[in-house]
1. Kirkwood hydrodynamic radius (Cα pairs, Å) of the stretch 41-130?
2. Can you give the Rg and Dmax of the chain based on its C-alpha atoms, in angstrom?
3. Once ligands and nucleic acids are excluded and a 1.4 Å probe is used, how much of Met209 is accessible, expressed in Å² to the nearest 10?
4. For the pair Lys533/Asp506, report the inter-label distance in nm, with labels modelled 7 Å from Cα in the Cβ direction.
5. Got a sec to turn the phi values of the stretch 77-94 into Karplus ³J(HN,Hα) couplings, 6.51 cos²θ - 1.76 cosθ + 1.60 with θ = phi - 60°, whole Hz, x for Gly and Pro?
6. Rolling a 1.4 Å sphere over the protein heavy atoms, what is the accessible area per residue of the chain, to the nearest Å²?
7. Just the number, please: carbon plus sulfur as a percent of the accessible area of the stretch 17-105, 1.4 Å probe, no ligands or DNA/RNA counted.
8. Have a look at the DSSP beta bridges in the chain and tell me what percent are antiparallel, nearest 5.
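The values are calculated or read from the model by the stated rules, or taken from the named source; none is laboratory data. Just so it is clear, the structure is predicted and the values come from calculations on it, not from any experiment. Cβ: placed from backbone, ideal geometry, glycine included. Neighbour counts: every protein chain shown. Side chains are part of the model used for accessible areas, which takes the heavy atoms of the whole protein and leaves out ligands, DNA and RNA. Shrake-Rupley method; radii C 1.70, N 1.55, O 1.52, S 1.80 Å.
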Amino acid sequence: MNILTISTTPFDDQKPGTSGLRKKVTVFRQPHYLENFVQALFNSLDGYEGATLVVGGDGRYYNRTAIQTILKMAAANGFGRVLLGRDGLLSTPAASALIRQHQAFGGIILSASHNPAGPDGDFGIKFNTGNGGPAPENVTEAIYAHSREIRDYRLLKAPDLGLGGAGETQLGAMAVEIVDSVVAYAELMEQLFDFDAIKALFKSGLFSMCFDAMHAITGPYAREILEHRLGAPVRTVINAEPLEDFGGGHPDPNLVHAHELVSLMEDRNAPDFGAASDGDGDRNMILGRRFFVTPSDSLAVMAANAHLLPGYRLGLAGVARSMPTSMAVDRVAEALGIECYETPTGWKFFGNLLDAGKITLCGEESFGTGSDHVREKDGLWAVLFWLNLLAVRKQPVERIVREHWVRYGRNYYSRHDYEGVDAAPAQELMERLRGGFDALQGRQFGSLQVKFCDDFSYTDPVDGSVSSRQGIRIVFQDGSRIVFRLSGTGTVGATLRVYLECYEPDRRRHDLDTQEALATLIGIAEDVAQIRKHTGRSAPSVIT
Ligand code: G1P
Ligand code: ZN
């Protein structure tokens, strides 16, 4: 066998962020850059000799090139088998499912999620462990440490492999098996949801839906499940063909970027149900006719109704949400008498809770929801959950959410993003806030009084690990909150995220415009953080 050991020197910027290493394609294309990171990853792991590795990505530009390199490096480093998504494609949740189904050692997922793609766009790589979930912080720290001292990497000298087709080929001593993940994923969904009830809903002729795959990875999965297995009319799935540049779009399912779907759902003759997923298939957006369901509300509604669906009929062990996610689900957990955990931002923190059986459902305000069926958030799963719910409750989306608010109260919620601002002043804004905690405690802003402020720190209840500096919280006596964080997934400058939330129990006040309901908090955020001064921006670039 022809294994090359190639000398290299470290790069100092290979620290994984919220969700793996994300950089511009131009950065990944530097000689040795990808190889260094992959070897640092392998160097940080033990016991993979002869083991199985799952490999695939969201199909963005550079996916195929990177896969060839990773296959040759996996072979040279002694993996026994790679399960490769056909054409190098795997949605993030499907990759998680594959790792679990095959009890693989772990998986390498190539994606920069919803970030735009193409030669000038973004690329990313992350490692998932044998439970199917994103590597925890001790693993990502170890990868980073190895990336700082790497001297060489191992590569099998072999021609490129064909990524299409099916079945098994050899790469040196390693087997490469090309798998069709769409079928396996669809079968997993059939176990969780009542496909007959959903089929009947489509067949009734009284219900219509539009799913926007945004030219990203979920197109083939959504077509197979919605149109082929559930009988939704052809063209229920739009923008279904995955493209290397996502059709030039920004495949982030929110009110700003999923504009085609959003304008369709605002039409007089809009479908009853609208949904979208992101670049790698783990995010979701849920819309009713002229009605947007915030991700935080979606999680709460799911938790309150889960027992109506086959996969969750025995009830929920517990729920979890990331700290900046609204507290709507907390109220449901309280009513159900189950635990609600509050974790830092990023899916990796849910893994231990899911593995330990402490939670069944979890979610983030950033359009991510999931359950114990995999260890990633799962866009199509969330859409099917809602579809099943609509089939059982036989009510429109809006009605279900409004009834939820009447029972639990409404958490008005919004996130303001200041994208791509200069990193130094953004850091300074955060530091000044930290430095101002003492003066803020107990301070009165009109009718609102600060109850406490801190930099969120999380102690994992399963392994006791501590993650600190996870976001600045200003919490008021009435439960309203402002949270400040810097993004850990961006590739240019810094992105400041400001999360705003207030609670309204009175049903007569459930029809306010969200930004108006939050206007006082928005003013306080500017007052305490001096956002305009530090970012040079007079308004957020994205409001969700
Ligand atoms: C963002 C979201 C976070 C999500 C992550 C990966 O991270 O805020 O909830 O888990 O993308 O999809 P951020 O850029 O805020 O670090
Ligand atoms: Zn994603």
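1. Details: mean 1/r = 0.0765 Å⁻¹.
After inverting the mean inverse Cα-Cα distance, the result is 13.1 Å.
2. Values for the chain (Cα only, Rg and Dmax): 23.0, 74 Å.
3. 20 Å²
4. 3.5 nm
5. Couplings: 8, x, 5, x, 7, 10, 9, 10, x, 4, 6, x, 9, 8, 6, 4, x, 5 Hz.
6. Working: 20780 Å² over 544 residues.
Per-residue accessible area for the chain comes out at 38 Å².
7. Percent of accessible area from carbon and sulfur atoms in the stretch 17-105: 42.
8. 70 percent
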